[in-house]
Each structure stands twice: as C-alpha cells, then as structure tokens.
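Heads up, the thing below is written out as structure tokens.
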Amino acid sequence: MAIALKPDAAYGVYRRGDELLLLADNLADGVFARAPGPAATRLGGAAGTAFVGANVRHPFMQRDSLLAGAEYVELETGTGAVHTAPGHGVDDFETGLRFNLPVLNPVDARGIFTSEAGPYARMHILKANDRIIDDLAASGALFAQEQYSHSYPHCWRCKNPVIFRATSQWFIAMDVNRLRKRCEEKIPDIHWYPAWGESRMLQMIANHPEWCISRQRTWGTPIPALVCRDCGETFLDPEVAHNVARIFRERGVEGTNASDLWWTEPVETFLPAGFACPKCRGTSFDKEFNIVDIWFESGVTHRAVLRHREGLHWPADLYLEGSDQYRGWFRSNLITAVATAGAPPYKAAVSTGWVVDAEGRAMHKSTGNYVAADDAMKKYGADVLRLWTASVEFTADMRLGDTMLDSVGSVYRNLRYRLRMLLGLIDDLELDQLVAREHLEPIDRLALARLDDLSHTIVKAYEEYRLHDVYLALIEFDGDDLSGFYIDVLKDPMYSGERGGKRRRSAQTALFAILRSLCALMAPILSFTAEEAWQSVPARLRGEALSVFDLELPRASERGTHEAAERALWDRLKRMRAVVAAAEGMRDFQLQAHVHAASALEPALRALGDNLREALVVSALSLDVDSGIAADADPRVVLAPAEGGKCSRCWKTLPLGQDHAHPMLCTPCATIVDRLV
C-alpha cells in the first residue's frame, strides 16, 4: 500500500539504462554493486520528505502505492525504501493511520492468501514467494534478488515464523471515561509492599496501551459477540451475555468446560425472545468465535471469587504475587475493578522476587542447580523452609542452596530448643499459681517489658509484611535476651529455689507469658513448630486456646518514655552481666560483685533487691553510689572471690553449716530442705 522513506535522509534519482531509480544516496553504491548492469548516473535528489505524497505504480497489482515518511527506515542495508503494508505490522499500521491508507489484509487465519491477493489467492504465503519472484522476473519488474538471513519473530512454542495480521479485535479503551486517570488516582489508596510498588504501578498504568482483550483460539472463555447476517454489524449485547452465563451455569457438567457450549450450540440458544440487530433490526445472526485474553480472565477474579464465595469480602485485604505481576495480575485486576466498581479490588499488594541458586543464577532442572521444595522439606522439614523465606528479603531475588538451608536449620534448632526449655520450666505450674504482673519480681517485670517490646516490633513488622525483620527480632530476643541472659538469671530461683515459693512462681509466670507470646509470634512463620509447642503446654494452662491459632497476637502499647526506661534498665543489666561473664579465672557463683553506680541510677538498681544479684549471677552483691560516675554511664562492677564455701545444693559460694543438721548447705538451702522433710 505504501513505500516508506526516511524523511531527513538524502535520496537521489538515478538513471540506469532505461530505468529511473529512487535510492538513499549512502546506499546507492552497495545496491548497484549487488545488481550488475550499466553504469548509473545521479540526475538529482532531495531529502526523503520531498518525495512524500508522490505515487508509484505497484509492480504486479493494478493500483498505486504512496510514498510515505517513516522514522523506522534504516540506512544500514537495503535501498532506503521500505515496503509498507498497514495490515501486516505495527509500524506499518501506524504509518497507515498517519497517511490514511486502507488496511488491506489479504491473508486469512491459516496463512492463506484471500481473493484480495489476486493470482496468488488460496496459496500459503510462504509457498507463494517463489511464484511471486518468478512473476516479477517475467514482467521485467525484478531489479535483483539474493538470499540473506535476518532476525524475525518466531513462536516460542512451535518455533515457526509469526505472521502479523491486522484484524478486528475487542478493546478496553484506557482513555475513555477517564479510565486511565481514575486508575492512577486510586493507586495511592493502596498499601504497596515494597513502597516502590506504587511508582511501579503508576508507570504500568501510564504506559498501558489500549487493552486488546480478544484472542483467536479454539478454546477458552468466549466473547459472546454476534454478527448480523443482514448488515454485517458486530456487537455485544448485555442481555445476550447474561443468557450465555446463565446457560453455562445451568448446563455445565463437572469435569468439562461449560464454555464449549458456545461452539457446539446454535446461536438461537443464547438469544432473548424477539431479539433484533441494534443497527438494522435484522433477526439472523452468526456467533463470533473470539475468546477473552487470559489476563482479562485473571483480571476479574476479584469479582468471580470475592463477590460470590461465602466468608470473603470485597475488596481483598491483600494481593500477593511475583514482581513481574505489576504488568500482569496486579494491573489487570486494578483496571477491571476501577472500571466496574470505581475502586481497587485490594487494600494492599505485596510483590516477591524470584528464587535463584546460591550464586544468584536462575534455577533450572537441566543445569542441576534446582532445589525442589518437596526435596528440601524431606531433608530439613517444612518449617526450616518457611523460616528460610523469612530469613531472606523476599521482595528481591532470594538465593537458595544447601549451605543457606543448613544455616537456617541451625537457627531453627535454637528456637525449637528454647521452646522445649520453656516447656520444661513451666511443667509443674498450676493456673491458680500464676502471679499478677504487678506482683512479679522486678526482674521478671522487666523481662515482660522486653517481651512487650518484642511483640510491638514483630506485630508491626507482620502488619507491614516485613518478615525478615520478624526473623531478626526473634533471633535477637532468643540469643541476647533469653539464652544469653534471662535463662541464666533464673537458674538459681528455678533450680534451687523453693519449689512452691513466690520467687519461683513469679519466674514461672513470666516464663509462661514468654512461651505463650513466642508461640503466637512464631506461628505465622513456624506454623507446625508453634502448634507442636502449644499442644505440649499443659491443658490446664492452654484454657480455651485449643490451637496456637486460637491465640491473639500479643499487642503491646506504643513505646513511650516509661517503656524506653524499662528497656534501658534491662539492657544495662545485660551489659553488667557481661562483665561478670567475661571474668577470667573464677566465674559466676564463685564471685561477689561490688556495684558502684551514679546517684541518678542507684535507686532503680536498689529497687531490684536481690534480683540485681540474680541478674549478675553472683553469690553476693553490694551496691553504693559513686559520685565520679556520669549519670548516663553504666555502673562500675568490681569482682572479688565470694566468701564462704560452695553449697552442695545451689552451688553458690556462701557461709555454710549455720544449720548444724546441714553442714554442707547454705542457710537458704538448709531452710528449703528442712521444709521437704
């Protein structure tokens, strides 16, 4: 239909024998070198734009071809004049629109020339090439021919070359009724995780072309369009569409595709009584056999699922998919929902990266770097694999390999061991022995304050889908606060204190609160382990929470000045304990500690009572004010050998034998033993 020239390129008119040739000047020598003949003479020339609008005769069809301007014309090979067929390529189609060219499509869906191709009708387009070349040569219109290779689109599945055809399709017009703008206006109302998802989606909507929702397939969900036999009008009618949906529902057979009825049933099956063409009022119709784009099908899942399934609500709380779905599922659902309901179909969207191997390469079975989820679960257990997903930043590409799973498995075993220890420590606790929080020992109240801090951090991270932060918080609490500090603190009251004494019950109350909260906080990630641990809690303590998922997530108040002071005191005690733990030679109960604190801190430490000695895990402790220590500095801990002998029961170094019946026991242990007999 046209021949495209590059508008700003220099073109020349060349005489060669009896012919006049229009060529790009910088390609002319190469053209003449490939087509031997008499010497050519340049008669004159101009920029390509000067020739735009002229007509040349088609070499074998009875019509003229327009000379058009197009920037996509390249000047590296060829003649600088490009055959342009608006019915067979995107660039050609757009050129045709600019120059008002007819969209001729003389090829049917099978790749066969139609009657519009004249003498080549009913021939396959690839098989017609030799015939066309022969005809051009016979008519004297063939200047030259040669074989060459060039890049051309091929089907990813069957590997055959793709035929481009301009056909009538169904579209969702993005700029009609402000649909594009309305989508863009709704995007900030959605919570995006990660936050850059918002700008990514804005970009996807801004650059979205008119959405072609029809496809030519022999399977799928049909577009129930009709073609009037009298006037040729193609149209969609809402009443027909509702009839089609109703018939699919009523006549669909389980295990078969109900949409097949559109192909197998006569058109009259789907027509309302008295139905007529909206254009000519004709009553004879054919069905159109296009199906909807699968992205449209997935794009209306919010309506098909959330609007019709009991227990669900619209919009969804969350959409979760891979990061490639900003141009896919996230976008298609957003467009259809805004178009039909005026609002987004989801309150939040979370995108994930891809799982790659330990070296950052894509996983493929053929390359041997593929880690199958079922194999990993058999080796490590499902919860280790779940914990791994929290150990990585899942919004980016995630590396996975045996070394990483081994490392996460070690973390998992630590967490599991901690749950087992807590279960053992509260095994003899009765429900009526729980101590009200305000009556707990000071160190136990501080432990629960630290638990509140953990709960606040983790719940907030869950709400924002920051699973990696949950993972880090659990590891820190387990390593720094539980096993690295609090469990050590409680060894004395738990193992050598009076079994039913207030001090031990206070500790057990705090430990049970920690166990309960940890089970609830771990459950979203370590579901099986948390459930197993909760089922191991004595039934008397579980109460009505038969499953770990019956527990509410512990929600601590916002962190204020009071909470900050409690955390600061807790952390200070940990640092003081670290001084004792780092002592060389004698350790822990072999030592006594002399604590020198600033006057501003001394009252808080003194209020701890014997808990301060417990926190440092020493046998004896003294506390005094040192005016030389800055108000915000940690106390100075001076260690010395404890006085007395090693109690054979509690192992603390204290004066022994004050109770003559128990010469190897300290006084507190002797008292406890006397109560046992």
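For the chain, the solvent-accessible area with a 1.4 angstrom probe is 54 square angstrom per residue. In region 79-228, one over the average inverse separation of all distinct C-alpha pairs is 19.8 Å, which is the Kirkwood hydrodynamic radius. A straight Cα-to-Cα reach below 18 Å connects residue 279 with the aspartates and glutamates 230, 233, 237, 239, 288, residues fewer than 8 places away in its own chain not being considered. Counting only Cα atoms, region 219-302 measures 38, 25, 20 Å along its principal axes, largest extent leading. For region 513-568, the spherically averaged projection of the C-alpha convex hull amounts to 4.7 nm². Going by accessible surface with a 1.4 Å probe and the largest first, 156, 263, 211, 219 read 156, 219, 263, 211. Taking 0.36 nm per residue of separation and subtracting the Cα-Cα distance, full extension of the segment from residue 600 to residue 157 would add 151.8 nm.
Give me the mean projected area, in nm² to one decimal, of the convex hull enclosing the Cα positions of region 616-677.
On the way: hull surface 22.4 nm².
Approximately 5.6 nm², given one-decimal rounding.
Rg ratio for region 27-150: its Cα radius of gyration over 2.2 N^0.38 Å, N being its residue count, equals 1.17. Shape of region 1-66 from its Cα gyration tensor (a ≥ b ≥ c, root eigenvalues): rounded if a/c is under 1.5, otherwise prolate when a/b > b/c, or oblate? Cα axes put region 1-66 in the oblate bin.
Under the combined filter of DSSP loop state and at most 15 neighbouring Cβ atoms within 10 Å, region 414-516 retains these GluC sites (Glu not before Pro): 430, 464.
In plain terms, if you count all Cα to Cα distances in region 381-508 and split them into 5 Å steps from zero, the share in each step is 2, 9, 16, 19, 17, 13, 10, 7, 4, 2, 0 percent. Overall shape of the chain was characterised from the C-alpha gyration tensor. The equivalent ellipsoid obtained from it has semi-axes of 81, 33, 22 Å, in decreasing order. Packing, taken as the mean count of other beta carbons within 10 Å per residue, orders the peptides 609-615, 132-138 from highest to lowest as 609-615, 132-138. The orientation-averaged projection of the convex hull spanning the C-alpha atoms of region 280-391 amounts to 13.0 square nanometres. Legend: distances between Cα atoms for 127/365; 502/652; 6/181; 502/646; 127/287; 502/574; pairs beyond 29 Å are 127/365; 6/181; 127/287. Taking all protein chains as they are arranged and a probe of 1.4 Å, the heavy atoms of residue 191 leave approximately 110 Å² accessible to solvent. Accessible area of residue 558 (1.4 Å probe, protein heavy atoms only, ligands and nucleic acids ignored): about 140 Å². Computed with every protein chain present, the accessible area of residue 236 is close to 80 Å² [probe 1.4 Å]. Hydrophobic, long helices, defined as DSSP H runs whose alpha-carbon span along the helix axis is 18 Å or greater and whose mean Kyte-Doolittle value is at least -1.0, occur in the chain at 238-251, 402-425, 442-463, 502-522, 561-581.
Protection proxy ranking of 74-87, 443-456, 344-357, 45-58, by the mean of other Cβ atoms within 10 Å over each peptide's residues and highest first, is 443-456, 344-357, 74-87, 45-58. With all protein chains in place and ligands, DNA and RNA left out, the 1.4 Å accessible area ranks 653, 667 as 667, 653, largest first. Note on the chain: with neighbouring protein chains present and a 1.4 Å probe, carbon and sulfur make up 53 percent of its accessible heavy-atom surface. In the calculated pair-distance distribution of region 546-627, the portion above 20 angstrom amounts to 46 percent of the Cα-Cα pairs.
Shown here is the pair-distance distribution of region 492-601: with all Cα-Cα distances grouped in 5 Å bins from zero up to the longest one, the shares run 2, 9, 12, 13, 15, 16, 15, 9, 6, 2, 0 percent.
Take each peptide in 288-301, 501-514, count the other Cβ atoms within 10 Å of every residue, and average; sorted highest first, the result is 501-514, 288-301.
The values are calculated or read from the model by the stated rules, or taken from the named source; none is laboratory data. These numbers were taken from a predicted model, which means no experiment stands behind them. Glycine also receives a Cβ, built like all others from the backbone with ideal geometry; neighbour counts cover every protein chain displayed. Note: accessible area is taken over every heavy atom of the protein model, side chains too, but ligands, DNA and RNA are not part of it. Shrake-Rupley method; radii C 1.70, N 1.55, O 1.52, S 1.80 Å.
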